[in-house]
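In what follows, a structure is listed as structure tokens, so that the remarks can point back to it.
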Amino acid sequence: MEWIDDAIVLSARSHGETSAIASVLSCEYGRYAGLVRGGTGKRMRGILQPGNRTRARWWARLPEHLGTLQCELTAPHAARAFDDRRGLSGLSAACTMADVVLPEREPQRAVFDALARFLDLLEEDRWPEELVRWELVLLREIGFGLDLGRCAATGRSDQLIYVSPKTGRAVSKDAGEPYRRSLLALPPFLSPGGGAASARDVADGLRLTGYFLEKHALAPLARQSPAARQRLYDMLASEAESQGD
């Protein structure tokens, strides 16, 4: 039992005196945990930071074993976000969510590609939008995709500004008006046609994906939304208020 692949570090914790147990999301093989010998050493601690992209090798004698993991750093995303509180919260939120929600040892190529794209954009202003899009991919790949392309009531694809919290389907302005207090906001950048996103739009997007992640993925596991994600949402909501969005 062995594979070598590109992988993103999701988490790492100490194990014994010098080792660590790390969880990575592999491009072709999905989420795997493994024992990293010397993982608490200075060099390996830097590599095993959540968000870092690595070239990983995993092997075990039998499939049911934890396995041994080796990682070589290829992109130090964690170091690049270290001095950016918002970016570090976004990185931590994404990695923690993937680590909690994704089933182990099941291929998740679409999730990997979307997470890698988000991490590559961390130094650009539009990364919060990409985080929302990544969470939409995550929902879809675990079986709870949202239908944001057409109104659930009319079938039309224009004036989509709401999402039903029951069905996860988009609702148009006119059809949703009588129920607007119970519907979730659909930010314009997620509707057909897309466009740039304001701080309010991103906050609304995180509220939207967060609602369904908590409902379908976290609640069944008796888990709460990662603290880093809540901090990020609070920061973006505060920015939206200060900007008058």
The range 43-64, subset part of a loop (DSSP other than H, G, I, E, B) and of a type in the set (D, E, K, R), residue nearest to residue 25 (Cα to Cα): 64
What helices (runs of 4 or more DSSP H) lie completely within the range 162-245 and have 1 or more residues being under 28 Å from residue 50 (Cβ atoms)? 199-213, 227-243
Does the range 218-226 include one or more residues that are touching a helix residue (DSSP H, G or I) at 6+ places or on another chain (Cβ under 8 Å), free of Cβ contacts under 8 Å to residues at least 24 places away in the same chain and aliphatic (A, V, I, L, M)? no
Which of (1) surrounded by 14 or more Cβ atoms within 10 Å (Cβ to Cβ); (2) outside any helix (DSSP H, G or I) does residue 137 not meet, given it meets every other one? (2)
Yes/no for residue 54 being touching a residue at least 12 places away in the same chain (Cβ under 8 Å), under 19 Å from residue 88 (Cβ atoms) and touching an Asp or Glu at 6+ places or on another chain (Cβ under 8 Å): yes
Filtering the range 152-162 down to residues that are crowded, with 17+ Cβ neighbours inside 10 Å and touching a helix residue (DSSP H, G or I) at 6+ places or on another chain (Cβ under 6 Å), which residue is nearest to residue 195 (Cα to Cα)? 161
Do you know which residues across the range 25-79 are at pLDDT below 95, loosely packed, with under 14 Cβ neighbours inside 10 Å and of a type in the set (Lys, Arg)? 42, 43, 61
Residue 213 fails exactly one of (1) surrounded by 20 or more Cβ atoms within 10 Å (Cβ to Cβ); (2) in contact (Cβ under 8 Å) with a residue 60 or more places away in the chain; (3) among the hydrophobic types (A, V, I, L, M, F, W, C); (4) in contact with a helix residue (DSSP H, G or I) (Cβ under 6 Å, 6 or more places away or on another chain), namely (4)
If you check every pair at least six apart or on different chains, which have Cβ atoms under 6 Å apart with a residue in the range 12-39 that is at positive phi first and a residue that is among the acidic types (Asp, Glu) second? 30/106
On the given criteria, is residue 87 in a helix (DSSP H, G or I), in contact with a Leu (Cβ under 7 Å, 6 or more places away or on another chain), crowded, with 18+ Cβ neighbours inside 10 Å and not assigned by TED's automatic domain parsing to the domain that holds residue 129? yes
Which count do you get for residues in the range 80-130 that are closer than 19 Å to residue 190 by Cβ, touching a Lys or Arg at 6+ places or on another chain (Cβ under 7 Å) and among the acidic types (Asp, Glu)? 1
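Considering each of 130, 124 in turn, give the residue that is within 18 Å of residue 230 (Cα to Cα) and assigned by TED's automatic domain parsing to the domain that holds residue 221. Walk me through it before giving the result.
Details: 124 fails: within 18 Å of residue 230 (Cα to Cα).
Among 130, 124, only 130 is within 18 Å of residue 230 (Cα to Cα) and assigned by TED's automatic domain parsing to the domain that holds residue 221.
Quick one: how many residues across the range 49-60 are over 18 Å from residue 3 (Cβ atoms) and out of contact with any helix residue (DSSP H, G or I) (no Cβ under 9 Å at 6 or more places or on another chain)?
Kept after step one, since they are over 18 Å from residue 3 (Cβ atoms), are these residues of the range 49-60: 49-52.
This time we only want the ones that are out of contact with any helix residue (DSSP H, G or I) (no Cβ under 9 Å at 6 or more places or on another chain), so: none.
The number of residues fulfilling the criteria is 0.
Kindly indicate whether residue 178 is of a type outside the set (Ser, Thr, Tyr), at pLDDT below 95 and within 20 Å of residue 207 (Cβ to Cβ).
Values: of a type outside the set (Ser, Thr, Tyr): yes; at pLDDT below 95: yes; within 20 Å of residue 207 (Cβ to Cβ): no.
When the stated conditions are applied, residue 178 does not pass them.
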Does the range 116-128 include one or more residues that are buried (at least 22 other Cβ atoms within 10 Å of the Cβ), at pLDDT 95 or above and under 30 Å from residue 8 (Cα atoms)? yes
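The values are calculated or read from the model by the stated rules, or taken from the named source; none is laboratory data. Just so it is clear, the structure is predicted and the values come from calculations on it, not from any experiment. Cβ sites come from the backbone with ideal geometry, for glycine too, and all protein chains shown count toward neighbours.
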